[in-house]
């Protein structure tokens, strides 16, 4: 019986080594999706909440970063995307859009707002990032 055990272990060990190499090579074979950028035109000019009675606005140029496979989905739903951005930016206060840290947070939250709108409509959250090429408040 003890002689049979080493003979039985060798094929199993060899099989496990082969399976492991197949699994590892297939994990590395899948390429990550190619990033794609969608420039939103025309640029956005939106009134936003200000302290006092003075009218304030945001003027910004926006691009969306997504996967190449999601470009058609976003372009097909562009009115929804633009509406989500306008509604989000118009709800911001002056303090929430002033300064680099506040703008970074605005950028992240805008991506979440657009993804929420798209998820409700399509069941997918395709936006990886929103990028501000320009961001002016006045």
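With respect to the stated conditions, residue 42 fails to be assigned to a loop (DSSP other than H, G, I, E, B), under 26 Å from the mean Cα position of the chain (by Cα) and either at pLDDT 95 or above or surrounded by 12 or more Cβ atoms within 10 Å (Cβ to Cβ) (or both). Looking across the stretch 103-130, just one residue is part of a strand (DSSP E or B) and surrounded by 15 or more Cβ atoms within 10 Å (Cβ to Cβ), and that is 130. In the set (1) surrounded by 16 or more Cβ atoms within 10 Å (Cβ to Cβ); (2) in a helix (DSSP H, G or I); (3) modelled with pLDDT of 95 or more, the condition left unmet by residue 83 is number (1). Considering the stretch 86-102 alone, what residues qualify as being in a helix (DSSP H, G or I) and surrounded by fewer than 19 Cβ atoms within 10 Å (Cβ to Cβ)? Answer for the stretch 86-102, where residues must be in a helix (DSSP H, G or I) and surrounded by fewer than 19 Cβ atoms within 10 Å (Cβ to Cβ): 86, 87, 90, 94, 95, 96, 100, 101, 102.
For residue 48, the criteria (1) part of a strand (DSSP E or B); (2) modelled with pLDDT of 95 or more hold in every case but one, which is (2).
The values are calculated or read from the model by the stated rules, or taken from the named source; none is laboratory data. In this text, all values refer to a predicted model and were calculated from it rather than measured experimentally. With ideal geometry, Cβ positions are generated from the backbone for all residues, glycine too; neighbour counts draw on all protein chains shown.
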